[in-house]
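Undergrad: Structure incoming, see below.
The values are calculated or read from the model by the stated rules, or taken from the named source; none is laboratory data. These numbers were taken from a predicted model, which means no experiment stands behind them. Every residue, glycine among them, receives a Cβ derived from its backbone with ideal geometry; neighbour counts consider all protein chains shown.
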Amino acid sequence: MEKVETGDGSPTFYSEKYGETYHSKSGALEETFGKFIRPCRIKELAKTGRVRIFDICFGLGYNAIAAIDAALEENENCEIYLVSLEKELILDRLKELNPCLTHYHIIEKLQFDPINNSYTYEEKNIYLRIKIGNAKETIKTLKGSFDAVFLDPFSPKKNPELWTEEFFREIFRRMNKGSILSTYSCARIVRDNLRSAGFEVSDGPSIGRRAPSTIAKKL
Ligand SMILES: C[S@@+](CC[C@H](N)C(=O)[O-])C[C@H]1O[C@@H](n2cnc3c(N)ncnc32)[C@H](O)[C@@H]1O
């Protein structure tokens, strides 16, 4: 997998398997903050003292770690509970990256839990679990509900199993009322499936290109 420098100077990888980069070439961290952290209102949630985040597709961990940075920047005592799903954690390659994220060192400290096939990190008020496996299946094992969801697979064309109505229903069921799911895609099929699963759908910010991202709210 080739390392690529994106427009804002942050690195990402190009996946030969999917024929896509892990992030927008116009700016990986710009995309993380602009399409996930801000639309999901992580800082506002952190003010309440506790935030539960569901990160679908951990990838290089930018969304997950940026959420930890944002929450702690707002409230250093905030309790952060973050569950990520990921099919293939490329841990060795992540250690080559040095994105401008305060808590990216967490990557070095992840512990493998063979019983639950997960990687975990726990420290004071931060709890992170990355469940390894096909998200279509691992989502069914999740208990509890979330205040914010980052939906960040590869494109609907390349990664269709994570953009279906059936998968969105599984997510919807695990979200608290009033919570927001954010995703970079504004594809018609994605928005139709989100609506069919019960979400109220609206335009999210356009970052790096003209098309908007998508915000899906559980009313
Ligand atoms: C666009 S990248 C995610 C980028 C990531 N959110 C970040 O902040 O760095 C997509 C990720 O989805 C994962 N993936 C693809 N299909 C999957 C599936 N069915 N279940 C779980 N993970 C999957 C890939 O392995 C890849 O790491």
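Undergrad: Within region 28-61, take every residue that is within 13 Å of the ligand (Cβ to nearest atom) and among the small types (Gly, Ala, Ser) and give me the one that is nearest to PRO212 (Cα to Cα). Quick ask: steps written out before the conclusion?
TA: Applying the first criterion (within 13 Å of the ligand (Cβ to nearest atom)) to region 28-61 yields 28-37, 40, 53-61.
Now narrow it down to the ones that are among the small types (Gly, Ala, Ser): 28, 34, 59, 61.
Details: ALA28: 16, GLY34: 11, GLY59: 22, GLY61: 23 Å.
Per the criteria, the residue is GLY34.
Undergrad: Please specify each residue of region 147-168 satisfying the condition of being more than 19 Å from VAL201 (Cβ to Cβ) and in contact (Cβ under 8 Å) with a residue 40 or more places away in the chain.
TA: PHE154, LYS158, ASN159
Undergrad: Of all residues in region 182-219 being of a type in the set (D, E, K, R) and farther than 20 Å from HIS23 by Cβ, which is surrounded by the fewest Cβ atoms within 10 Å (Cβ to Cβ)? Break it down stepwise before answering.
TA: Kept after step one, since they are of a type in the set (D, E, K, R), are these residues of region 182-219: 188, 191-192, 195, 200, 203, 209-210, 217-218.
Now drop any that are not farther than 20 Å from HIS23 by Cβ, which leaves 188, 191-192, 195, 200, 203, 217-218.
Working: ARG188: 9, ARG191: 18, ASP192: 12, ARG195: 14, GLU200: 12, ASP203: 12, LYS217: 16, LYS218: 21.
Step by step, filter region 182-219, then rank; the result is ARG188.
Undergrad: On to the next question. Taking the stated definitions as given, is LEU151 more than 19 Å from THR32 (Cα to Cα) and among the aliphatic types (A, V, I, L, M)? Before you say what the answer is, go through the steps one by one.
TA: Numbers: more than 19 Å from THR32 (Cα to Cα): no; among the aliphatic types (A, V, I, L, M): yes.
No; evaluated as a whole, the condition is false for this residue.
Condition check ((1) more than 8 Å from the ligand (Cβ to nearest atom); (2) more than 20 Å from LYS131 (Cα to Cα)) across all residues:
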site: ALA71; (1), (2): yes, yes
site: GLU76; (1), (2): yes, yes
site: ILE90; (1), (2): no, no
site: LEU101; (1), (2): yes, yes
site: GLU108; (1), (2): yes, no
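Undergrad: Can THR48 be described as surrounded by fewer than 17 Cβ atoms within 10 Å (Cβ to Cβ), among the polar types (S, T, N, Q) and within 18 Å of LEU72 (Cα to Cα)?
TA: Working: surrounded by fewer than 17 Cβ atoms within 10 Å (Cβ to Cβ): yes; among the polar types (S, T, N, Q): yes; within 18 Å of LEU72 (Cα to Cα): yes.
For THR48, the condition - surrounded by fewer than 17 Cβ atoms within 10 Å (Cβ to Cβ), among the polar types (S, T, N, Q) and within 18 Å of LEU72 (Cα to Cα) - is met.
Undergrad: Taking PRO205 as meeting all but one of (1) closer than 17 Å to PHE54 by Cβ; (2) in contact (Cβ under 8 Å) with a residue 60 or more places away in the chain; (3) more than 14 Å from the ligand (Cβ to nearest atom), write down the number of the exception.
TA: Unmet condition: (1).
Undergrad: If you don't mind, there's one more thing I want to ask. Limited to region 3-33, what total is found for residues that are surrounded by fewer than 20 Cβ atoms within 10 Å (Cβ to Cβ), over 19 Å from LYS95 (Cβ atoms) and in contact with an Asp or Glu (Cβ under 6 Å, 6 or more places away or on another chain)?
TA: 3
Undergrad: Got a number for residues in region 1-26 being part of a loop (DSSP other than H, G, I, E, B) and basic (Lys, Arg)?
TA: Residues of region 1-26 that are part of a loop (DSSP other than H, G, I, E, B), as a first pass: 1, 6-10, 16-19, 22-26.
Then drop every residue that is not basic (Lys, Arg), which leaves 17, 25.
The qualifying residues number 2.
Undergrad: Does at least one position in region 53-67 carry a residue that is within 14 Å of the chain's Cα centre (by Cα), in a loop (DSSP other than H, G, I, E, B) and either at pLDDT below 95 or of a type in the set (D, E, K, R) (or both)? Before the answer, list the steps.
TA: Step one: filter region 53-67 for residues within 14 Å of the chain's Cα centre (by Cα), giving 53-67.
Checking which are in a loop (DSSP other than H, G, I, E, B) leaves us with 57-61.
Filter again for either at pLDDT below 95 or of a type in the set (D, E, K, R) (or both), leaving none.
There is no residue in region 53-67 that is within 14 Å of the chain's Cα centre (by Cα), in a loop (DSSP other than H, G, I, E, B) and either at pLDDT below 95 or of a type in the set (D, E, K, R) (or both).
Residue-by-condition table, conditions (1) closer than 22 Å to ALA216 by Cα; (2) out of contact with any strand residue (DSSP E or B) (no Cβ under 8 Å at 6 or more places or on another chain); (3) β-branched (Val, Ile, Thr):
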| site | (1), (2), (3) |
| --- | --- |
| PHE13 | no, no, no |
| THR21 | no, no, yes |
| LEU29 | yes, yes, no |
| ILE42 | yes, no, yes |
| PHE54 | yes, no, no |
| CYS57 | yes, no, no |
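Undergrad: Return a yes/no flag: does region 138-150 have any residue that is among the polar types (S, T, N, Q) and within 12 Å of the ligand (Cβ to nearest atom). Write out each step before concluding.
TA: Of all residues in region 138-150, those among the polar types (S, T, N, Q) come to 138, 141, 145.
Next cut, within 12 Å of the ligand (Cβ to nearest atom) only: 138.
Yes, region 138-150 contains at least one residue that is among the polar types (S, T, N, Q) and within 12 Å of the ligand (Cβ to nearest atom).
Undergrad: Just to be sure I understand, how many residues within region 182-201 are closer than 20 Å to PHE54 by Cα and not in a loop (DSSP other than H, G, I, E, B)?
TA: Qualifying residue count for the region: 9.
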